[in-house]
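> Structure provided below as structure tokens; questions to follow.
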Amino acid sequence: MPSTKAYAALSATTPVVPHTIERRECKPHDVQVEILYCGVCHSDLHFAHNDWGMTVYPVVPGHEIVGRVTAVGDQVKNFKPGDLAGIGCLVDSCRVCDNCKDDLEQYCAESAVFSYNGNERDGSGNTYGGYSQSILAHEDFVLRISDKLPLEGVAPLLCAGITTYSPLRHWKVGKGSRVGVLGLGGLGHMAVKLAVSMGAEVTMLSHTASKEADATRLGAHKFVLTSDEEQTKKVAGYFDFILDTVSANHDYNFYIAMLRTNGALVCVGVPPNPANIPAMTLIFGRKSFAGSLIGGLAETQEMLDYCAEHNIVSDVEVIAMKDINTAYERMEKGDVRYRFVIDMATL
Ligand code: NAP
Ligand code: ZN
Ligand code: ZN
């Protein structure tokens, strides 16, 4: 089995360090990709630190992967060596359950196989993600990448992009919708760009006053500093849809109060503590509290094509692989504008 250079977390309390992993040989339906750029998602940090109690070490994080195809199995139809390719959060699923048949592989009844810390369906072990030289996946889980956009800005679309695009589409956000985006980080900045491109009126809800100018530059029509009572009063009962991207514990009821009748607060951020929401909060106003997980393969391709057509990429700070631990520290402090992306040539 080919040895592959990577970076891994070996425990919850130690830094991410150089590590060698074994990848499988290229199978008949596999596409092998040399990784050029890998985005750094807050989920990488949650997994490295075992925030959700499900990490299997060593973990090689990274699920915002773009690169170039170096080899394909003899049954592969849609990729050839030299093509650009992307791999996001999923590398496999059962393909036959209702969700898989409905292009919702992320909700596969047998559990989708995630790009890292996932269990290979053939029992061969744990998956390893994009903080590595190369990766392989069945071609059904490999995305086509446009050569029109800067690749480092495209990488974060594979998670931050689809995670925000999918709920915006599902809840039919468009012209006339009043959208609140809660938290201006990797997911939040993509949510602002995408919701604005779909024609919505977008308000940035942030606890960081210094992000106001950026929110405006990203296209937000309004900015509300969530610690300022006067500002939050003005959006009581206001929004049709709030996308909550916050990674830390916070009071959901405070934001549900900002929904108008029939409004929905949709969580994509995953704070450590469970939500505590009295039923009354939802009953008065027929409000919904929901969640959404990344997106299926067809919708991810749709999002990538949409972004290529509308010239939408992530605002990135490109870093060297060795600086990943500093990037994590900065991310924890909210000091990222708005996605770290690793230049894998520095591995
Ligand atoms: P990120 O770049 O670190 O952004 C998180 C943002 O949350 C921060 O920029 C900050 O925005 C806000 N925030 C942080 N701490 C806060 C606090 N104590 N109180 C209030 N706001 C706070 O993270 P990300 O990569 O966008 O990921 C966000 C969350 O989504 C993570 O939990 C991640 O695991 C999860 N996620 C879920 C999915 C899914 O499929 N559902 C996919 C990817 C990621 P402001 O400074 O503007 O307040
Ligand atoms: Zn992610
Ligand atoms: Zn399935």
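The values are calculated or read from the model by the stated rules, or taken from the named source; none is laboratory data. Fair warning: this is a prediction, and the values are worked out from it, not measured in the lab. When we count neighbours, we look across all protein chains shown, and the Cβ atoms used for this are built from the backbone with ideal geometry, even at glycine.
> Could you list, in sequence order, all residues of the range 287-301 that are polar (S, T, N, Q) and within 14 Å of ligand 1 (Cβ to nearest atom)?
Ser292, Thr300 - these are the residues of the range 287-301 that are polar (S, T, N, Q) and within 14 Å of ligand 1 (Cβ to nearest atom).
> Pairs, please: C-beta under 9 Å, at least 6 apart or cross-chain, first residue closer than 11 Å to Tyr131 by Cβ and β-branched (Val, Ile, Thr) and in the range 27-46, second in a strand (DSSP E or B) and within 16 Å of ligand 1 (Cβ to nearest atom)?
Filtered contacts from the range 27-46: Ile35/Ile65; Ile35/Ile87; Ile35/Ile342; Val40/Ile319; Val40/Arg339; Val40/Phe340; Val40/Val341; Val40/Ile342.
> Can you pull out every residue in the range 110-126 that is closer than 15 Å to Arg24 by Cα and surrounded by 23 or more Cβ atoms within 10 Å (Cβ to Cβ)?
Hits for the range 110-126 are Ser115, Tyr116.
> Name the residues in the range 65-109 that are among the acidic types (Asp, Glu) and buried (at least 16 other Cβ atoms within 10 Å of the Cβ), would you?
Asp83, Asp92, Glu105
> Taking into account only those residues within the range 168-194 that are within 14 Å of Phe239 (Cβ to Cβ) and touching a Ser or Thr at 6+ places or on another chain (Cβ under 8 Å), which is surrounded by the fewest Cβ atoms within 10 Å (Cβ to Cβ)?
Arg178
> In the range 25-65, which residues are touching a helix residue (DSSP H, G or I) at 6+ places or on another chain (Cβ under 8 Å), over 22 Å from Glu317 (Cα atoms) and among the hydroxyl-bearing types (Ser, Thr, Tyr)?
Within the range 25-65, Thr55 is the sole residue that qualifies.
> Let me ask something else. Taking the range 110-127 only, how many residues are farther than 23 Å from Arg169 by Cα, part of a loop (DSSP other than H, G, I, E, B) and either acidic (Asp, Glu) or in contact with an Asp or Glu (Cβ under 7 Å, 6 or more places away or on another chain) (or both)?
5
> Hey, can you tell me all the residues within the range 1-33 that are part of a loop (DSSP other than H, G, I, E, B) and of a type in the set (D, E, K, R)?
The answer is Arg23, Arg24, Glu25, Lys27.
Condition check ((1) outside any helix (DSSP H, G or I); (2) at pLDDT 95 or above; (3) within 15 Å of ligand 1 (Cβ to nearest atom); (4) under 24 Å from Leu347 (Cβ atoms)) across all residues:
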residue: Ala137; (1), (2), (3), (4): yes, yes, no, yes
residue: Pro156; (1), (2), (3), (4): no, yes, yes, yes
residue: Ile162; (1), (2), (3), (4): no, yes, yes, no
residue: Leu168; (1), (2), (3), (4): no, yes, yes, no
residue: Gly174; (1), (2), (3), (4): yes, yes, no, no
residue: Gly180; (1), (2), (3), (4): yes, yes, yes, no
residue: Leu187; (1), (2), (3), (4): no, yes, yes, no
residue: Val192; (1), (2), (3), (4): no, yes, yes, no
residue: Met204; (1), (2), (3), (4): yes, yes, yes, no
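> Also, quick follow-up: Would you please name the residue that is farthest from ligand 3 (Cβ to nearest atom), looking only at residues in the range 74-96 that are without any contact (Cβ under 8 Å) to a residue 40 or more places away in the chain and more than 23 Å from Cys159 (Cα to Cα)?
Gly82
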